[in-house]
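What follows draws every value from the coordinates through simple rules; no lab data is involved. The structure displayed is predicted, hence computed values, not measured ones. Don't worry about glycine lacking a Cβ; one is built from the backbone with ideal geometry, like all the others, and counts go over all protein chains shown.
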Amino acid sequence: MSNRLYHERLYRGDRLMEQARDAPVTVCGAGALGANIVESLARQGFTTLKVIDRDRVQERNLSTQPYHVSDVGALKAKILANSVFRAVGVAVQGQTMELTPENAGRLLGGSALVLDVFDNSQSRRAVKEYCDGASLPCLHVGLAADYAEVIWNEAYRVPSVANDDVCDYPLARNLVMLAVAVACETVVAFLSTGERSSFTITLCDFAIRQYTA
């Protein structure tokens with residue numbers, strides 16, 4: 001047996017590790033949240049991962065996203081898939097396209113769980129509406145300045161288009177990584193027990209609170 005997941009297996013146990021290995025998870029977005037979530041899930045034992053993102057790496061992405069200077073200009077989904085395979089041997093399926101209402105079924109169908117971390121309301125709405133109609137579990141993760149949220153589809157409200165230009169407001173790497181940790185642990189809890197807890201996170205007071213609609 002490979003030792004790549006040695007510590008995680010000791011903590012989680014064989015049953016949960018087998019559940020993680022076999023669960024097809026689709027991550028919508030390969031930016032600050034999505035790219036770090038994909039890497040974290042792969043290092044936790046998830047082996048059937050898909051990431052959807054049409055964007056290319058920009059220099060301003062490098063402080064919060066797991067890309068390198070040499071990646072600037074390359075397609076995020078493709079670079080992320082290559083990076084994760086080199087790191088832990090997990091073959092992530094990278095889809096370098098925009099998700100729309102017309103192709104949502106093709107891109108999201110077959111998933112056991114969808115994580116929406118897109119940076120625009122149009123794509124988030126397409127994910128939410130498809131998952132609603134297909135009764136597909138979907139976890140939305142978002143952040144702005146000092147605040148982050150991890151919210152299941154049934155309680156999620158798509159943000160206004162006024163909040164779409166997410167790359168131009170202040171963003172701390174520590175908030176990104178805290179939100180990633182909460183999101184990944186929420187995924188594991190869902191796989192283990194079916195629990196669907198939602199959370200809000202604020203960095204200024206280092207608080208993680210259960211979300212209630």
**Message:** Output wanted: per-residue J couplings in Hz (rounded whole) for the range 183-190, from phi through Karplus 6.51 cos²θ - 1.76 cosθ + 1.60, θ = phi - 60°, x for Gly and Pro.
**Reply:** 4, 5, 5, 5, 4, 5, 4, 5
**Residue range of the chain that is longest and free of trypsin sites (Lys or Arg not before Pro) which are both DSSP loop and sparsely packed (at most 15 other C-beta within 10 Å)** = 55-156
**Request:** Post the alpha-carbon centroid distance, the range 8-30 to the range 95-153, in whole angstrom.
**Result:** 19
**Request:** Starting from the Cα gyration tensor of the chain, take the square roots of the eigenvalues, sort them a ≥ b ≥ c, and report rounded, prolate or oblate (rounded when a/c is under 1.5, otherwise prolate if a/b is larger than b/c, else oblate).
**Result:** rounded
**Share, in percent, of DSSP beta bridges within the chain that are antiparallel, nearest 5** = 50
**Fill in**
Here the FRET efficiency for residue 93 versus residue 4, based on Cβ atoms and R0 = 22 Å and rounded to 0.05, is 0.65
**Request:** Any chance you could run the full-extension gain for residue 21 through residue 177? It's 0.36 nm times the residue separation minus the Cα-Cα distance, nm to one decimal.
**Result:** 53.9 nm
**Item:** Length released on extending from residue 59 to residue 157, taking residue separation times 0.36 nm less the Cα-Cα span
**Value:** 32.2 nm
**Asked** Rounded to the nearest 0.05, what FRET efficiency is calculated for residue 82 and residue 129 with R0 set to 25 Å and r the Cβ-Cβ distance?
**Response** 0.20
**Item:** Mean ellipticity per residue at 222 nm, deg cm²/dmol - from DSSP H runs of n ≥ 4 across the chain, formula -39500 (n - 2.57)
**Value:** -12000 deg cm²/dmol
**Prompt:** Could you give the length gained on full extension between residue 68 and residue 102, defined as 0.36 nm per residue of separation minus the Cα-Cα distance, in nm?
**Reply:** 8.9 nm
**Prompt:** In a shell of Cβ-Cβ distance under 12 Å around residue 182, excluding residue 182 itself, what net charge do Lys and Arg (+1) and Asp and Glu (-1) give?
**Reply:** -1
**Request:** Please check the chain for the longest run free of GluC sites (Glu not before Pro) that are loop-located per DSSP (anything but H, G, I, E, B) and have at most 15 other Cβ atoms within 10 Å.
**Result:** 1-101
**Item:** Size of electric dipole in the chain: Cβ of Lys, Arg +1 and of Asp, Glu -1, about Cα centre, debye, nearest 20
**Value:** 560
